[in-house]
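Undergrad: Below you'll find the structure I mean.
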Amino acid sequence: PVRIGVLALQGDVREHAAILTSLGAEAVPVRRPEQLDGLDGLVIPGGESSVIDKLSRIFGVREPLRALIADGLPVYGTCAGLILLADEIEGAIDGQLTFGGLDVTVARNAFGGQVESFETELTVAGIDEPVDATFIRAPLITRVGPRATAIAALPDGGVVAVQQGNLLGTSFHPEMNGETRLHALFLELVAARRSAVAA
Ligand code: GLN
């Protein structure tokens, strides 16, 4: 099976691991730099992006992960994970950094107060039927640069999912309600890169 890391510094690691396993992948929690070795892809879960950023620096994961992203490792970020993949944040607190890679700007907590959350059905490019999407203190993608492509938007036009090469990011959490099709889309990117690297 493909070996997919789930960045396990903070956030909803278990839900992602369960979906990846159900899709036939091997899911490995990643906390230390050496656990990044030999991965076919990585998921960055939702949680609190500033905390994940801080812990990634303390644990020495930040720099090796940035190198892997630059090298084309497939990475899927949900919510806080999307924030960490964005090249630019609006409303960053306390010198918060991102790993970067996605040519987008995200606004943190863009949907109102601390407890603001909602669920909706979304059309996602490349997925036939609408996706069940849970938003929890979610970021909004406020700028999509020329290298990235919007693949889902809310009815008001707000972009909530993007793809750029091997990077996938969603403002929402498909893993919260057992929605597996975003992870399946991600595993297609992983499979394509694996055969490209093997060729
Ligand atoms: N608001 C959080 C942040 O800025 C993200 C919330 C989430 O991942 N559900 O990191």
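Undergrad: Extension gain ARG194-ASP128, at 0.36 nm per residue separation less the Cα-Cα distance, in nm?
TA: Additional length available on full extension: 21.3 nm.
Undergrad: While we're on this one: Considering only the chain, what is the antiparallel percent among its DSSP beta bridges, to the nearest 5?
TA: Values: 20 of 39 bridges.
The antiparallel fraction comes to roughly 50 percent.
Undergrad: Mind telling me which of ILE141, ILE58, ILE69 comes out most flexible in a GNM of the chain, alpha-carbon contacts under 10 Å?
TA: ILE58
Undergrad: List the DSSP H helices in the chain whose Cα atoms stretch 20 Å or more along the helix axis and whose mean Kyte-Doolittle hydropathy is at least 0.0. Walk me through the intermediate numbers first.
TA: Working: long enough: 181-198 (25 Å, 0.80).
Those that pass (Cα extent of 20 Å or more, hydropathy at least 0.0) are 181-198.
Each reported figure results from applying straightforward, stated rules to the coordinates on display, with no laboratory input. All values derive from a computational prediction rather than experimental measurement.
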